[in-house]
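> The structure is given below, and queries will be raised subsequently.
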Amino acid sequence: SMQMAQVAAAVANGGDLMRPHITDRIVDNDGRTIERIGPKRQARVISESSAATVRDMMVAEIGRAHV
């Protein structure tokens, strides 16, 4: 689900939850870019140190699953 993808992304981003978007730009009828959409932090949802701990546990679990 989108929520679980955001959880994993926040862990990977050091605790920052980024605002989701489905495109990186808006174009006019001629295909010219009229606005670029870049990453925007929505909130800090977990401390950077806690995110690193969870990330390390996730990586370790993936390693065990492939043995």
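The values are calculated or read from the model by the stated rules, or taken from the named source; none is laboratory data. Remember, it's a predicted structure, so these values are computed and weren't measured experimentally. Because the Cβ atoms are built from the backbone with ideal geometry, glycine has one as well, and the counts that use them run over all protein chains shown. Remember, those area values only see protein heavy atoms, side chains included, never the ligands or the DNA or RNA. Shrake-Rupley method; radii C 1.70, N 1.55, O 1.52, S 1.80 Å.
> Does the range 29-45 contain at least one residue that is assigned to a helix (DSSP H, G or I), open to solvent by less than 100 Å² (accessible area, probe 1.4 Å) and charged (D, E, K, R)?
No; the residues of the range 29-45 include none that is assigned to a helix (DSSP H, G or I), open to solvent by less than 100 Å² (accessible area, probe 1.4 Å) and charged (D, E, K, R).
> OK, next. Under 6 Å between Cβ atoms, which residue pairs at least 6 apart in sequence (or on different chains) link something in the range 1-28 that is surrounded by 10 or more Cβ atoms within 10 Å (Cβ to Cβ) with a partner that is in a loop (DSSP other than H, G, I, E, B)?
A10/V45; G15/I46; G15/S47; L17/V45; M18/P39; R19/K40; H21/I37; D24/I37
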